[in-house]
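Here the structure is laid out as structure tokens; the discussion comes afterwards.
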Amino acid sequence: MNPNVQPDTAHVKRVVIVGGGTSGWMCAAAIARMAPAGLSVTLVESEEIGVIGVGEASIPTLIKFNDFLGLNENDVLRYCRGTFKLGIEFVDWLGAGERYFHPFGLFGRDTPEFAFHQLWLRLKAMSANGTAPPDAAGGIHDYNLCSAAAAQGRFSPPNGGSDTILSTMRHAYHFDASLYGQLLRGYAEQRNVSRVEGKVVDVMRDPELGMIRSVSLGDGRVLAGDLFIDCSGFRSLLIGDALGSDFVDWSHYLPCDRALALPTERTGLPTPFTRATADRAGWRWRIPLQQRNGNGYVFASDFIDWDEAHRQLLDGAEGASLAEPMPLRFRTGHRRAFWEKNCIAIGLAGGFIEPLESTSIHLAQVGIQRLINLWPGCGINAAEVTHYNRAMCADYERIRDFIVLHYHAAQRKDSEFWRYVSNMAIPDTLAGRLDMFRAHGRIIPDPEDLFSEHSWLAVMLGQGIHPRNYDTLVDRIPADTLIHHMRLLKNAVAKTASTLLIHQEYIDRHCAV
Ligand code: FAD
């Protein structure tokens, strides 16, 4: 017998998912989609406890998840009252009235030898030393179709062959995440996932091996399983409470730990982007849905209290309030082990990075995809568990660095919070990236990185970090060729953007409620 296979879990035939938030139903739907005959999947959720009820912005990777399930984009958006998202507009991060955009789409076109932004950096240097016309390079966003479309309130999904500018578009959604959960519930139930309503009050473990054997509910029912998936949200009932996987706390890097969420009436047309406005002790989001706006204030309780945050949120929100602001508490960090014994934590039960770049649903998705890739049908293998945990930790760390960048490089110094985040120690991995960018504009792409070099470029330049030099190997391109190539690109972006539908028109044609 293979010593890595724990004998008591030799065959996974019964899966129990604890929690029916977005993560729980994503997990149930994905497993149902892949389940071999004979696998029973049960999801238990408690209406009394409810779901967290926020999480309205996504990133482009969700498209893959919907494709995997075979869901049609327009049907999903119609059901979830969604709009399209081309990126995030950051307001006031550099100082009052300053703004920059982090688009999902690609900047220009890389050549086989060089990243596109190296061409742009060289052209800018040429303009500065008089070897190119002063306006030859323009701004980096002149070369990004998502940025150009967003600035005009227009939208299109990517289209056309890889040689077209329209193929450089990338998009995601703003949606009602509770409705998304309900959509997936229907999907999963149609594929034989059983839903149990009830509150888990106890977790029974094998005395010798420590495996979870069953969970019991408040009314005495017992749900036995071979594999348990903890989707219980911040409660972390199984991986945290029952199995004791400790919490790796990143509050020193990302001190925001509270939020107030507030729906308001829609004002004007929905923007095809999320807005993140820096405020005294954190930042406020504005997310346009088809029939309302989602707003919220993410803040650090070490720097302001609930009452003050409430005032700042109401001052900043546009449109009449549709409810009282909902308070939320959280901590940025993750469970040291996402997979322990026969339990895997997905979603908030496994960890949370504050929502500045809307990465939480994505992290649940990645956890689910990895679990499916390592499905322990014939037994849990220690090496696979180690791999899973390492890979999840690395994903969290890379995303953490990207979020820390926003705070570290923000140039506001007008409150205690902003002075703290601009002076705090940052992870070495981030410091290394910043050094390389400052020296030669280098952004080393990592295939495992969620945020590509285009995203790092947008946020570093957006936050006012500028390379001292470019990669001088670019000098081998003749100056005239470079100027001509860049002009063509800029013109193609401007022309294509102007032909796209206004975002609302696109919604009306394809996915209006
Ligand atoms: P939850 O929604 O909390 O679900 C937990 C489930 O477990 C519920 O069904 C609950 O009833 C059940 N449960 C708990 N205890 C028990 C028990 N004892 N017995 C039975 N059932 C139980 N993510 C994004 O991707 N984009 C965003 O823009 C975004 N914004 C956010 C803003 C804020 C302020 C916060 C805090 C989070 C945000 N998130 C965002 C994260 C997002 O909300 C979550 O990733 C998503 O909702 C999934 O949550 P979940 O399913 O893991 O947990």
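Does any residue in the stretch 15-33 that is of a type in the set (Phe, Trp, Tyr) come within less than 7 Å, Cβ to Cβ, of a residue that is within 6 Å of the ligand (Cβ to nearest atom) six or more places away or on a different chain, and which pairs are these?
Close Cβ pairs satisfying both conditions: none exist.
List the number of the failed condition for Gly70; all other conditions in (1) surrounded by fewer than 24 Cβ atoms within 10 Å (Cβ to Cβ); (2) modelled with pLDDT under 95 hold.
Among (1) surrounded by fewer than 24 Cβ atoms within 10 Å (Cβ to Cβ); (2) modelled with pLDDT under 95, Gly70 violates only (2).
Could you tell me which numbered condition Arg286 fails, if it satisfies all but one of (1) more than 30 Å from Ala391 (Cα to Cα); (2) surrounded by fewer than 19 Cβ atoms within 10 Å (Cβ to Cβ); (3) of a type in the set (D, E, K, R)?
The single condition Arg286 does not satisfy is (2).
Which pairs turn up if I take residues in the stretch 334-352 that are within 15 Å of His362 (Cβ to Cβ) and look for partners that are of a type in the set (D, E, K, R) and within 16 Å of the ligand (Cβ to nearest atom) with beta carbon separation below 8 Å, at least 6 apart in sequence or on another chain?
Hits for this filter: Ile346/Asp230; Gly350/Asp230; Gly350/Arg335; Gly351/Arg335; Phe352/Arg331.
I'm told Leu328 meets every condition in (1) in a strand (DSSP E or B); (2) within 11 Å of the ligand (Cβ to nearest atom); (3) crowded, with 20+ Cβ neighbours inside 10 Å except one. Can you identify the failing condition by its number?
(3)
Suppose the filter is crowded, with 19+ Cβ neighbours inside 10 Å and in a helix (DSSP H, G or I); does Arg400 pass it? First the steps, then the outcome.
Working: crowded, with 19+ Cβ neighbours inside 10 Å: yes; in a helix (DSSP H, G or I): yes.
Taking the combined requirement at face value, the residue satisfies it.
Of all residues in the stretch 339-367 being more than 18 Å from the chain's Cα centre (by Cα) and crowded, with 24+ Cβ neighbours inside 10 Å, which is farthest from the ligand (Cβ to nearest atom)?
Residue satisfying both the conditions and the ranking: Asn342.
Does Val385 fit the bill of being crowded, with 17+ Cβ neighbours inside 10 Å and closer than 22 Å to Gly95 by Cβ?
Values: crowded, with 17+ Cβ neighbours inside 10 Å: yes; closer than 22 Å to Gly95 by Cβ: no.
Considered against the rule, which asks whether it is crowded, with 17+ Cβ neighbours inside 10 Å and closer than 22 Å to Gly95 by Cβ, Val385 comes out as no.
Output yes when any residue across the stretch 245-267 is free of Cβ contacts under 8 Å to residues at least 40 places away in the same chain and more than 10 Å from the ligand (Cβ to nearest atom), and no when none is. Steps first, answer last, please.
Of all residues in the stretch 245-267, those free of Cβ contacts under 8 Å to residues at least 40 places away in the same chain come to none.
So far as the stretch 245-267 goes, no, none of its residues is free of Cβ contacts under 8 Å to residues at least 40 places away in the same chain and more than 10 Å from the ligand (Cβ to nearest atom).
Does Leu243 fit the bill of being in the same structural domain as Glu56 (by TED's automatic domain parsing), in contact with an Asp or Glu (Cβ under 9 Å, 6 or more places away or on another chain) and surrounded by 23 or more Cβ atoms within 10 Å (Cβ to Cβ)?
Details: in the same structural domain as Glu56 (by TED's automatic domain parsing): yes; in contact with an Asp or Glu (Cβ under 9 Å, 6 or more places away or on another chain): yes; surrounded by 23 or more Cβ atoms within 10 Å (Cβ to Cβ): yes.
Here the answer is yes, as Leu243 does meet what is asked.
Can you confirm whether Gly97 is under 26 Å from Pro288 (Cβ atoms) and in contact with an Asp or Glu (Cβ under 8 Å, 6 or more places away or on another chain)?
Numbers: under 26 Å from Pro288 (Cβ atoms): yes; in contact with an Asp or Glu (Cβ under 8 Å, 6 or more places away or on another chain): no.
Considered against the rule, which asks whether it is under 26 Å from Pro288 (Cβ atoms) and in contact with an Asp or Glu (Cβ under 8 Å, 6 or more places away or on another chain), Gly97 comes out as no.
Name the helices (runs of 4 or more DSSP H) wholly within the stretch 439-513 that hold at least 2 residues that are under 29 Å from Met392 (Cβ atoms) and either aromatic (Phe, Trp, Tyr) or within 28 Å of the chain's Cα centre (by Cα) (or both)?
On the way: elements: 453-462, 479-499, 503-510.
It comes to 453-462.
Kindly indicate whether Ala281 is away from the ligand (no atom under 12 Å from the Cβ) and open to solvent by less than 50 Å² (accessible area, probe 1.4 Å). Break it down into steps so the answer makes sense when it comes.
Numbers: away from the ligand (no atom under 12 Å from the Cβ): yes; open to solvent by less than 50 Å² (accessible area, probe 1.4 Å): yes.
Yes, satisfied.
The values are calculated or read from the model by the stated rules, or taken from the named source; none is laboratory data. Since the structure is predicted, the reported quantities are computational estimates derived from the model, not experimental observations. FYI the Cβ positions are ideal-geometry reconstructions off the backbone, even for glycines, and counts take in every protein chain you see. Remember, those area values only see protein heavy atoms, side chains included, never the ligands or the DNA or RNA. Shrake-Rupley method; radii C 1.70, N 1.55, O 1.52, S 1.80 Å.
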